[in-house]
Structures are given as C-alpha cells and as structure tokens.
Amino acid sequence: MEIANTILDQLGGNKFLAMTGANHLLADGNTLRMTLPKNNSRANRLYITLDPDDTYTMRFFRFTPGRLNGTKCRKREWRSCLPQERQKARRRE
C-alpha cells in the first residue's frame, strides 16, 4: 500500500486522477493498478510497477472480460519525468 501511495504521489496525486479520469485504484504489492476512461489508444487499464532497479514499468492494455488484448509497456526512470527531461525525451522520440 505504501509503494502504491508513493507512485500516486509522484504522478501528482488527485491532480493526476482529475486530469486523466483514472479511477478504481488498487494497490497490489509494488504495483498501482487503475481503470482508465475512453481514450485514443483504446487502453482501459494501466498498471504501474516499481522495479528493483528503481524504475517504473507502465503497462497499458485493453481488458475485456474473458480475454486480455494488446499490452504496451514503457519503462522509464522517475528522474526522466522532470519537466526539462520530458522535453528532451519528446525530442528524442
């Protein structure tokens, strides 16, 4: 529970939830799981996992009862999410 709260705080807490519309948060060990509203990527679930090397793995996927479709993973270090680093990352991608 403590790790999931830390992940949510680093994302921006209630501001992140209000901006994204994410709901149904669930703490699962070192993972924060949430449901996403409709979006362009069609993903409706997001799992953010803290890895042993102090990075986060974000898994976006579409869940329908009885099956699991397309998983997209993205692994980033938290310090790369600082505003000046985000701009550099955008230029590289």
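Note on residue 19: accessible area is roughly 150 Å² with a 1.4 Å probe, heavy atoms of protein only.
You can think of it this way: the chain between residue 63 and residue 46 has 5.1 nm of extra reach, that is 0.36 nm per residue less the Cα-Cα gap.
The values are calculated or read from the model by the stated rules, or taken from the named source; none is laboratory data. In this text the structure is predicted, and so the values were computed from the model without any measurement. Please note that ligands, DNA and RNA were not included when accessible areas were found on the heavy atoms of the full protein model with its side chains. Shrake-Rupley method; radii C 1.70, N 1.55, O 1.52, S 1.80 Å.
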